[in-house]
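J.: Before I ask anything, let me first share the structure, which is written out below as structure tokens.
The values are calculated or read from the model by the stated rules, or taken from the named source; none is laboratory data. Keep in mind that this is a model prediction, so the values were computed, not measured. Neighbour counts run over all protein chains shown; Cβ positions are idealised from the backbone, glycine included.
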Amino acid sequence: MKASNSLWRDYLGARVPDVLGDEIEKFEQQISLKKQGKLDDKVFAETRLRRGVYGQRYDNGHRHDGITQRTLNYPQGELTKGPNTLWDAPGMQRIKIPFGGLNASQLETLAELAEEYSDGIAHVTTRQDFQLHFVHLEDTPSLMRRLAAAGITTREACGNTVRNVTACPYAGVCRDESFDVTPHARATAYFLLGHPDTQNFGRKFKIAFSGCETKGCGLARMHDIGAIAQVREVGGQKKRGFRIFVGGGLGPVPQQARLFDDFLPEEELLPLCQAIGRVFARLGEKKNRNTARLKFLVSKLGIEEFKRVVKEERACLEPDPSWTDWIPRVASFTERPLKEPGLLPISPAGPGDFARWHSSNVYPQRQEGFAAITVALPMGDITSDQLRALADIARKYTRETVRTTVEQNIVLRWISQKDLPALYRDLQSAGLASPGAGTISDITVCPGTDTCKLGISSSRGLASELRRQFSENGLAAGEAVSGLHIKISGCFNSCGQHHIADLGFYGVSRNKGGYQVPHFQVLLGGQWTDNAGAYGLAIGAVPSKRIPEAVERITSRYLKNRLDGESFQAFVKRIGKAECKAMLEDLMAVPPHDADPSFYTDWADAREYTTGDLGVGECAGEVVSELDFQLAACDREVFEAQLHLEKGDLAKAAEVAYQSMLDGARTLLKRSSLAPPAQADQVVETFRRDFYDTELFFDRFVGGNIANYFFKAHERRGQTHDAETARQLVEEAQLFLEAVHSCHMKLSAQPVA
Amino acid sequence: MSTSLNPQHFQVKIFASPPWPDDLGAAIPVFHRWIQQRALPELLIDVADYRHVPAGPGVVLVAHEAFYSLDMRRNRLGLQYSRRAALEGTTESKLRQAMDAALLACSKLESEPEFAGSLRFNTGALEIRVNDRLLAPNTPETWANLRPAIDSCLDAIWGRGAYRIEPSGDARELFAVHAVVGELQPG
């Protein structure tokens, strides 16, 4: 904890706006009350989450060091900052950056905070936020005051709130946009921040703006509310508005957003967001977190009923001047350049790798003579020194027009094209001139097992290894392959947005001979463009250490067998998922521990992945082998369901997906009975009794929610499905089987009676 | 800055002598082993890998009280000890604690088989920073205030008059000084 914490309030004085200062003061008091034992754990946890103060891996005070489970004896012992979260354990601070917009001073402030309260690294997230890791709770009020003095709040960065409102980082300079959505994103972010109608959600709520239909920069279709700019002629006049999508989301069970309104005039934007917020607060699920996102409410009500309820709510709203008072000022948000427009010489004698950098990192703006350039950050990481250097560069070449991106990079806008060689040199001096922005080596990745409590496999370790191999082996050679997107999540929660990548991966684990082995599920054919236009489907789980080989094999096959001009999505669709799986089948095997122990550690982690999960006794080993075999059969079933889905046979897909869940449950029942029931009703009843009611199946974080997918599928078996519900059932079956694997591994670690 | 406020968070970086190891990844198993063996006085928690960041913190051993990093800041390899938890005592004793912790880590790293003679630290060249801008801004006043404590520590390890020392960095950066036995190398 910093010795200067008590001094920042007075030092900053009036530089902290009163509203933010009061909020931080209250938060500081709550920290004090919690320390005195006068606040409930759950209440305080949600309080700090709403200030962006998150927990981090091992914050329950336990860590497996590769040999044994160790207790981390922090100085303040059992004092907690939430359920199972120790006070002294390092945490993560998320910092909201609405639409990713930053100025140079803010970059400098972030540099200071990363240095003083974290480990010298600031991390750009997939929601255009920044995150600092290894932060002590008691440092957070000072950190927040310093941000507030720079015009940044962490309010509602986490918790069941409206999260950072994202927008295309090229808004205002894009060649394809209908209009600049920056003022609309800004107005929405600040209108909803702390709004009384957004304080009682059962789950988080995400909003995104895109200026065009076709690109992926805004990802509007994977959001609770996605707004895509439209211009229409109304009464002979051009009018700004939005196509509004609702109920999209990734997470364990991804859903494409549904069209709510083909054209919503801009003056209706904020009242509609407010009305949807009120409906979500009133009708959204509150008890079961796993079904509490807006997408479940939209599915439950149906889009037409959802529209009706929202429109009814809209009609009841008291008019609020702040709905529209910003609209006359829209033009004032337009950015201006610092320098005169210019042209790059036809054959620029650029320094070093300038040509390569120029081809991937420079985007010619629609304003002639200017370019937006991407600073490609490795896995979203940037040092304090680099942030300061970037602040200098932003001042030197622009009017501090900086944006973070959902691809975890930073974009500098309004660079006069004649300045590009000099700018490149300055970036190079700061270690910020990596080429390859938006290419296969520019991997999007969540924190995974590095710092996230939910991480299963090392997403950053894998991303780092892939980046290294692309760089050394030239794997990304060839334009067709270099344009692909890779996105990696450490678990099924999809913070790395794996569903919308050409090649997506999410962390899972598998059992081999009584050892746990880190794996990644491979998803192919997701679509980043068209605002996250399609989601990939799982092909199968490959050991972490073989993912680079899998990537090489997939990309080589695409290069070799693609038809003229064929996109990766079209290629995957043409060869089919069965062929995709066949391509990777041999890579799915895991050598025995004795033959190659490297498979049993994760990337960039020397520890044995799960020594504590070793099975005991030879008899237990035999039982495990049989069950593993049956679980593999269940995996094949769910894959078969995906194939039926791919062919459009929705009924068969649903039937097989349900069957895979039933067989998965029955496999678990075999742990305690040589002859588990065969009848579906009995399987469900016994599973409920032996695994759900006993909480054996429960996960530390999601409890028994995944079992509910199975119970629901059983209740609804035989019902007809549309494409969306069939797809959802297949996704849920996949998740249920992952949970069966986890439960089986957990129980295998215990001595068999 | 007031001397009565007693800066807490010293950082000491001891520079490595070239040639440097090709890959700092060797530090990952070493740091994990130190956690298993509880090889340092602090509560050791985890290892963070930032090798992908140019001129970054490299590989970090995260402890409750401090970070130990095989650090590449300014493209200069060194072992940095960065104090996080408060300590009792004088400014001089706190700086001395940070120096001792850094020197101990250097000595241990050099003897680890993963580095097999490929990593050597120059214990005659170091950087001292204070990781708290409010208590120790990078100004001549801070330098004047801290100089007696810094000199006293360096006199103790190198001998009075055996080294050169000068402040470094701009006003936005943490207060920092470079010290080197004999001639000062540009930082």
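J.: State whether one or more residues within region A:617-635 are modelled with pLDDT under 75 and at positive phi.
T.: yes
J.: I would also like to ask the following. In region B:125-148, how many residues are of a type in the set (A, V, I, L, M, F, W, C), closer than 14 Å to B:Val177 by Cβ and buried (at least 20 other Cβ atoms within 10 Å of the Cβ)?
T.: 6
Here is a yes/no grid of residues against (1) of a type in the set (D, E, K, R); (2) within 29 Å of A:Thr529 (Cα to Cα); (3) in contact with a His (Cβ under 7 Å, 6 or more places away or on another chain):
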| residue | (1), (2), (3) |
| --- | --- |
| A:Arg557 | yes, yes, no |
| A:Leu563 | no, yes, no |
| A:Met583 | no, yes, no |
| A:Met588 | no, no, no |
| A:Pro591 | no, no, no |
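J.: Among the residues in region A:233-249, are any without any contact (Cβ under 8 Å) to a residue 24 or more places away in the chain, under 30 Å from A:Gly703 (Cα atoms) and out of contact with any strand residue (DSSP E or B) (no Cβ under 8 Å at 6 or more places or on another chain)?
T.: Checking region A:233-249: not a single residue is without any contact (Cβ under 8 Å) to a residue 24 or more places away in the chain, under 30 Å from A:Gly703 (Cα atoms) and out of contact with any strand residue (DSSP E or B) (no Cβ under 8 Å at 6 or more places or on another chain).
J.: Looking at A:Leu20, is it surrounded by fewer than 18 Cβ atoms within 10 Å (Cβ to Cβ) and either part of a helix (DSSP H, G or I) or outside the structural domain of A:Leu79 (by TED's automatic domain parsing) (or both)?
T.: So A:Leu20 does not fit the description; no.
J.: Still on this model: Within region A:538-573, work out how many residues are part of a helix (DSSP H, G or I) and farther than 30 Å from A:Ser742 by Cβ.
T.: Summing the residues that are part of a helix (DSSP H, G or I) and farther than 30 Å from A:Ser742 by Cβ in region A:538-573 gives 12.
J.: Go through region A:457-480 and count every residue that is at pLDDT 90 or above and either assigned by TED's automatic domain parsing to the domain that holds A:Met379 or among the aliphatic types (A, V, I, L, M) (or both).
T.: 3
J.: May I pose another question? Could you give every pair whose Cβ atoms fall below 7 Å, whose first residue belongs to region A:213-227 and is touching a residue at least 60 places away in the same chain (Cβ under 8 Å) and part of a loop (DSSP other than H, G, I, E, B), and whose second residue is surrounded by fewer than 24 Cβ atoms within 10 Å (Cβ to Cβ) and of a type in the set (S, T, N, Q), counting only separations of at least 6 or pairs across chains?
T.: Correct list of pairs: A:Thr214/A:Thr529; A:Lys215/A:Thr529; A:Gly216/A:Thr529.
J.: I would also like to ask the following. Name every residue in region A:224-243 that is over 14 Å from A:Ala185 (Cα atoms) and under 22 Å from the mean Cα position of the chain (by Cα), in order of residue number.
T.: A:Asp224
J.: Only one residue in B:Val12, B:Val60 is in contact with a Phe, Trp or Tyr (Cβ under 7 Å, 6 or more places away or on another chain) and either at the interface with another protein chain (Cβ under 7 Å from one of its Cβ atoms) or charged (D, E, K, R) (or both), so which one is that?
T.: It is B:Val60.
J.: Here is a follow-up. Give just the number: which of (1) surrounded by fewer than 23 Cβ atoms within 10 Å (Cβ to Cβ); (2) more than 27 Å from A:Pro75 (Cα to Cα); (3) within 14 Å of chain B (Cβ to nearest Cβ) does A:Gln199 not satisfy?
T.: Of everything listed in (1) surrounded by fewer than 23 Cβ atoms within 10 Å (Cβ to Cβ); (2) more than 27 Å from A:Pro75 (Cα to Cα); (3) within 14 Å of chain B (Cβ to nearest Cβ), A:Gln199 misses just condition (3).
J.: Quick check on A:Ala665: is it among the aliphatic types (A, V, I, L, M), surrounded by 15 or more Cβ atoms within 10 Å (Cβ to Cβ) and outside any loop (DSSP other than H, G, I, E, B)?
T.: yes
J.: Let me ask another. Let me spell it out: the conditions are (1) assigned to a loop (DSSP other than H, G, I, E, B); (2) buried (at least 17 other Cβ atoms within 10 Å of the Cβ), and A:Ser673 meets all of them except one. Which number is the exception?
T.: (2)
J.: Looking only at region A:438-467, how many residues end up being part of a loop (DSSP other than H, G, I, E, B) and either crowded, with 22+ Cβ neighbours inside 10 Å or touching a Leu at 6+ places or on another chain (Cβ under 7 Å) (or both)?
T.: The number of residues fulfilling the criteria is 12.
J.: Further question on the same structure: All but one of (1) outside any strand (DSSP E or B); (2) at pLDDT below 95 hold for A:Ser509; which doesn't?
T.: (1)
J.: Tell me the residue from B:Val47, B:Val30 that is of a type in the set (A, V, I, L, M), modelled with pLDDT of 95 or more and closer than 16 Å to A:His133 by Cα, please.
T.: B:Val47
J.: So A:His519 ticks every box in (1) touching a Phe, Trp or Tyr at 6+ places or on another chain (Cβ under 8 Å); (2) in a strand (DSSP E or B) but one. Which box is left unticked?
T.: All conditions pass for A:His519, except number (1).
Matching residues to (1) modelled with pLDDT under 95; (2) within 30 Å of A:Asp262 (Cβ to Cβ); (3) buried (at least 23 other Cβ atoms within 10 Å of the Cβ); (4) within 30 Å of the chain's Cα centre (by Cα):
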position: A:Glu340; (1), (2), (3), (4): no, no, no, no
position: A:Gly352; (1), (2), (3), (4): yes, no, no, no
position: A:Arg356; (1), (2), (3), (4): yes, no, no, yes
position: A:Ser384; (1), (2), (3), (4): no, no, yes, yes
position: A:Lys396; (1), (2), (3), (4): no, no, no, no
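J.: Could you please find all residues in region B:81-111 being buried (at least 17 other Cβ atoms within 10 Å of the Cβ), out of contact with any Lys or Arg (no Cβ under 8 Å at 6 or more places or on another chain), within 13 Å of another protein chain (Cβ to nearest Cβ) and among the charged types (D, E, K, R)?
T.: Residue satisfying the conditions is B:Arg84 alone.
J.: Which one is farthest from A:Gln69 (Cα to Cα), of the residues in region B:43-57 that are at the interface with chain A (Cβ under 8 Å from one of its Cβ atoms) and not in a loop (DSSP other than H, G, I, E, B)?
T.: My answer is B:Tyr50.
J.: Could you please find all residues in region A:379-407 being over 20 Å from B:Ala171 (Cα atoms) and either part of a helix (DSSP H, G or I) or of a type outside the set (Ser, Thr, Tyr) (or both)?
T.: A:Met379, A:Gly380, A:Asp381, A:Ile382, A:Tyr397, A:Arg399, A:Glu400, A:Val402, A:Arg403, A:Val406, A:Glu407
J.: To continue, here is another question. So which pairs qualify, if the first residue must be in region A:438-464 and of a type in the set (Phe, Trp, Tyr), the second must be buried (at least 24 other Cβ atoms within 10 Å of the Cβ), the Cβ gap must be under 9 Å, and the two must be at least 6 apart or on different chains?
T.: Nothing qualifies.
J.: Please verify whether region A:259-272 includes one or more residues that are in the same structural domain as A:Phe191 (by TED's automatic domain parsing), at pLDDT 95 or above, under 23 Å from the mean Cα position of the chain (by Cα) and over 15 Å from A:Phe242 (Cβ atoms).
T.: No, that holds for no residue.
J.: Which members of region B:71-80 meet the condition of being within 13 Å of chain A (Cβ to nearest Cβ) and in a strand (DSSP E or B)?
T.: Hits for region B:71-80 are B:Asp71, B:Gln80.
J.: Can you tell me how many residues within region A:133-150 are within 13 Å of another protein chain (Cβ to nearest Cβ) and over 26 Å from the mean Cα position of the chain (by Cα)?
T.: 6
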